[in-house]
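The structure that follows is given in the form of structure tokens.
The values are calculated or read from the model by the stated rules, or taken from the named source; none is laboratory data. Nothing here was measured: the structure is a model prediction, and the numbers come from that model. Note that we place each Cβ from the backbone using ideal geometry, even for glycine, and neighbour counts take in every protein chain shown.
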Amino acid sequence: MCVSLSLCLVRWSRYNPYYLDPDPSKDARVPESELSPEEKELQELKTVSPIKAALSSDTSSAFNDPLISKFINMMMQDGNKILARGIMTQTLETIKRKQVEKYHKSPAAKREEIECNPYTVFHQALENCKPIIGLASVQKGGKSYQVPVPLTDNRRRFLAMKWLITECRDNKHRRTHMYEKLSQELLAAFANEGNVVKRKHDLHKMAEANRAYAHYRWW
Amino acid sequence: MHFFYLILAIPTFFCLICSFNKSLEMSKVHRLMQNECKICYGNLTTFNLSCPFLSQTYHSERHTGQYYTLPAAHIQKLFPHGLPPRFQLQIKTFNEGCVMVRPPALELISYLKKADYSKPPLRYILYGDVGTGKTMCLSHALHYCYTQGWLIVHISDAHLWVKNCKELLPSSSRPSRFDQPIQASQWLKNFKITNERFLSKVQLGYVWTKRERTEKGQPLGELVDQGVNRMKSSSDVVGAVLRELRLQAGGATEGEGAFKLAVAVDGLNALWGKTSLKKEDRTMCEPEELTLIHNVRKMMKNNWSGGAILTALSQTGSLFKPQSAYLPSELLGEEGFDNMEPFVPVSVSNYNEKEFESCYLYYLDRNWLQHSHSRSEEGKKELIFLSNKNPSILERLCAFL
């Protein structure tokens, strides 16, 4: 694995809104006949409008997972992507090892219930950690109230990932490795247990308790 | 007349009764039929038993690429140390220890079968690029020796004796030597686990170390226990044990006292390289000045008879050697090469197509390749491209896919 710290940064983070996102996967090019009229319009647009530069971390292989990439970026500190990616792969490996060990030791009847795929475990655990409703601070009459507010998809995904990472960094034993902590937390979240899911439930309860202030929201 | 034929027929008939334990998913996977000869495996506690059934049907060329299961009891006894750490993890995860039969290991085993044990021992060196499977081939050959009832002297990683040593004591018996009590007593414990059945059978000649002396006729087990209990003299005990085994290996040809000695060293280049240990006056320590290394070097000479010396080179744990070096002349250096010459070199390389296929199917069978794309044809091609069919890189890739 070559370590080139002098990566050429082609992609800026601020683009004109009409720039489209690149789609490097091999299934991007679908033959004309299979498209519906809206999709045909989209294809037309793609031939004319400019496209943003692709990130160095995106590959055209089917192993590329945007959710995992986002999580790696959130875990990264000081731009050390190699370390963050290493931790992620070790986490996936640990999850798989634990599950496959359980699979091989259990009798044939229980084997079908055990989920061995670390990617499905990760996706499901993240889903279980996403809050449905959030709180926003609104100032009215000199006092600020916590108002229940709907969240966008991106915000929910961000909160789930942020809670997972901070939980593993702060509330666990200092001598365990990050990948061990993450794998334990992810497996717990997969089973709807653990501190992150508890935090989500607490947020929901607070929102339920403050539902009287819901009309303070004007957006 | 008929009685005579019956008596001849009984052993063969007996062996045919031995249960063949077929693995369940045989149709999908290149899994070897496990000839679990329960009678013979069970009886391997008796001294110098070599099951004729096993030695005839032990792996041959037609088994290349197939996996065979090491019995759990054998792994516990034979490899308390010595298996690569990732392979130990794999054993724990899959609940079984499966090794692929590969041409270098088969070559080594065929040499071991045909060698003349009244002559000095042949020295075999396994060499190859990083991660191609040298330690695994060595373990395979060692398992063969174990099933044939040999006495095993296995130094799992000589590099661990030349670096990161917490306690370096000046030797009690010789002025210019240094002892490593922790490493020596750890090795003696593992030696005891592997060769338990020999400890009471092998009788010592007159052994003399500076402080302790063991009288003639004492079993080897007592000497080993002494070394384990008294850490200070453990390095000298290691030397005494090796010397005794060397003298006795070719001794009695038949009967109770006879045994063949297999000396296995992984990371052979540590014996003639540099150490990273410092003496008290902060000068670098030479490997020659360490008791353990000195005794193992004496073992590597072919001035005894009745056994074989199996070794593997290793760049990964080595000190001050570039990563591109893998040939014996590069890793052993001039001194090492001259000491080891003449030797039989056995080259270990990356998987060929058939072996890669077998490894891929094994991982599928064990439910290890989970990503849906890795189970498709294109995913397989990507794996071939990324790993270049290198066993260890493939294993690390498949771990998170």
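So is residue B:369 surrounded by 17 or more Cβ atoms within 10 Å (Cβ to Cβ) and more than 13 Å from chain A (Cβ to nearest Cβ) or not?
In short, no.
Let me ask something else about it. Provide a single number: the residues in the stretch B:377-396 that are away from chain A (no Cβ under 11 Å) and among the acidic types (Asp, Glu).
Total satisfying the criteria: 1.
In the stretch A:66-79, is there at least one residue being touching a helix residue (DSSP H, G or I) at 6+ places or on another chain (Cβ under 6 Å) and within 11 Å of chain B (Cβ to nearest Cβ)?
Scanning the stretch A:66-79 turns up no residue that is touching a helix residue (DSSP H, G or I) at 6+ places or on another chain (Cβ under 6 Å) and within 11 Å of chain B (Cβ to nearest Cβ).
What number goes with the only condition from (1) within 14 Å of chain B (Cβ to nearest Cβ); (2) surrounded by 14 or more Cβ atoms within 10 Å (Cβ to Cβ) that residue A:27 does not pass?
Exception for residue A:27: condition (2).
Moving on. Do we find a residue being assigned by TED's automatic domain parsing to the domain that holds residue B:148, free of Cβ contacts under 8 Å to residues at least 60 places away in the same chain and in contact with a Gly (Cβ under 8 Å, 6 or more places away or on another chain) anywhere in the stretch B:305-325?
Yes, there is a match, as at least one residue in the stretch B:305-325 is assigned by TED's automatic domain parsing to the domain that holds residue B:148, free of Cβ contacts under 8 Å to residues at least 60 places away in the same chain and in contact with a Gly (Cβ under 8 Å, 6 or more places away or on another chain).
Criterion first (aromatic (Phe, Trp, Tyr) and more than 17 Å from residue A:72 (Cβ to Cβ)) does residue A:145 satisfy it?
It is true that residue A:145 is aromatic (Phe, Trp, Tyr) and more than 17 Å from residue A:72 (Cβ to Cβ).
Does residue B:171 fit the bill of being more than 17 Å from the chain's Cα centre (by Cα) and at pLDDT 85 or above?
no
Now, a different point. Quick test for you: out of B:324, B:374, B:329, pick the one residue that is more than 14 Å from every other protein chain (Cβ to nearest Cβ), among the polar types (S, T, N, Q) and in a helix (DSSP H, G or I).
Only one candidate qualifies: B:329.
All but one of (1) farther than 23 Å from residue B:241 by Cα; (2) within 23 Å of the chain's Cα centre (by Cα) hold for residue B:312; state the number of the condition that does not hold.
Of everything listed in (1) farther than 23 Å from residue B:241 by Cα; (2) within 23 Å of the chain's Cα centre (by Cα), residue B:312 misses just condition (1).
Every residue, every condition in (1) more than 8 Å from chain B (Cβ to nearest Cβ); (2) polar (S, T, N, Q); (3) assigned to a helix (DSSP H, G or I); (4) touching a Phe, Trp or Tyr at 6+ places or on another chain (Cβ under 9 Å), yes or no:
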| site | (1), (2), (3), (4) |
| --- | --- |
| A:89 | no, yes, yes, yes |
| A:92 | no, no, yes, yes |
| A:95 | yes, no, yes, yes |
| A:100 | no, no, yes, yes |
| A:103 | no, no, yes, no |
| A:111 | yes, no, yes, yes |
| A:115 | yes, no, no, yes |
| A:123 | yes, no, yes, no |
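Additional query: Please go through the stretch B:135-176 and give me each residue that is touching a Phe, Trp or Tyr at 6+ places or on another chain (Cβ under 7 Å) and without any contact (Cβ under 8 Å) to a residue 12 or more places away in the chain, ordered by number.
B:170
Would you please name the residue that is farthest from residue A:59 (Cα to Cα), looking only at residues in the stretch B:372-399 that are surrounded by 20 or more Cβ atoms within 10 Å (Cβ to Cβ) and without any contact (Cβ under 8 Å) to a residue 40 or more places away in the chain?
Filtering first and then ranking leaves B:399.
Okay, moving on. Name the single residue, out of those in the stretch B:257-299 being among the β-branched types (Val, Ile, Thr) and part of a loop (DSSP other than H, G, I, E, B), that is farthest from residue B:316 (Cα to Cα).
B:283
Now for a separate question. For the stretch B:342-365, what are the residues that are within 14 Å of chain A (Cβ to nearest Cβ) and either within 26 Å of the chain's Cα centre (by Cα) or among the acidic types (Asp, Glu) (or both)?
Hits for the stretch B:342-365 are B:362, B:363, B:365.
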